[in-house]
Amino acid sequence: MTRNDLAGIQRTRASVLAQQGVKIQHIVVDGASSDGTVEWLQEQRWAKPSTFLSQPDDGIYDAMNRGAALATGSLIVFLNGGDVFPRTWTVREVAEHWQAYGWAWAYGITVLSKVDGRVSRIHQFAPFSRVRLGLGLSAVPHQATWMQTDFFRQIGGYRVAATLSADMDLCWAACQVAEPALIGEVLSVAEEGGVSAQQGPGYYARAMRANVKHHGNSVTGSRVIDGLTAWTVVLWTSIVQIIPTWWAKRARK
């Protein structure tokens, strides 16, 4: 998925083409870029069934759903422009793990890097916790999340109305049906930043509260306790995020 990030999609495509020992259908969904991305994509050689689309969309998760609609393989993963696989055998590793364990969905570790390539942090969610996910305390790294294509469609794909938390909403829907398998390897290297990283204090705790309510289920087993716990988490995460910012501003005075 990309929009006006020619250098990023070039890195991602090179990473996909470098994968060894497995057949990959590479679908690039471009949000009507105007920076030369479309022209570059048109110049590429697309061995069937790989392809690209370039058209206006209703945000990144709508674009992901459009790409998924064209998928014909057994497994599906979503990378944003600039995201790459860490090794030339990463996709083969995942495919072999799936063949061995037969999971509906699984995820591994994502390394978040700065624009200059330096590692910023490691995004790992282990062990998996339905409660931590439902309360917005932890997120499954979507660039390292793989699903059976049929399973992705069974749970409805990304719910675009969930806006920036649609990736967490998808994982919440998925874990109601099947527990994820954990792959203890780095499966993606993603560029840090983006709109989701710019949200205010407590955003994801509030968003997951709304997502859980939408699905009509519960995190703790009681909707009353859910509500009280969720707002406690919102308050706590807001305080945790606000204090360092306040302290840094105070120190600069």
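Coordinate-derived values only; no laboratory data. Computed from a predicted structure; not experimentally measured. Cβ coordinates were reconstructed from backbone atoms using ideal geometry, including for glycine residues, and neighbour counts include every protein chain displayed.
What to note about this one:
- Take every pair of alpha-carbon atoms less than 8 Å apart whose residues are at least six positions apart; their mean separation over the length of the chain yields a relative contact order of 20 percent.
- Within the chain, percent of DSSP bridges classed antiparallel, to nearest 5: 45
- Options Val186, Ile239, His215, ranked by Cα towards positive dipole end of the chain, top entry (Cβ charges): Ile239
- For Trp40 and Glu192, the difference between the fully extended length at 0.36 nm per residue and the C-alpha to C-alpha distance is 52.3 nm.
- Ser188 long-range amide H proximity, modeled H, under 5 Å: Ile109, Val111
- For the range 1-151: Kirkwood Rh in Å [reciprocal of mean 1/r, alpha carbons]: 16.5
- Taking amide H as placed 1.01 Å from N in the peptide plane, Ile183 has its amide H under 5 Å from the amide H of Tyr107, Gly108, each at least 5 places away in sequence or on another chain.
- Solvent-free Debye scattering, log10 I(q)/I(0), computed from the Cα coordinates of the range 10-76 at q = 0.14, 0.17, 0.23 Å⁻¹: -0.43, -0.64, -1.15
- Extension reserve of the His214-Lys114 stretch, reckoned as 0.36 nm per residue once the Cα distance is removed: 32.5 nm
- Ordering Ala71, Gly134, Ala7 by Cα displacement along the dipole of the chain toward the positive end leaves Gly134 in first place; charges were set at the Cβ atoms of Lys, Arg (+1) and Asp, Glu (-1).
- Only helices reaching 27 angstrom along their own axis (Cα) with mean Kyte-Doolittle hydropathy no lower than 0.0 count here, and for the DSSP H runs of the chain these are 223-252.
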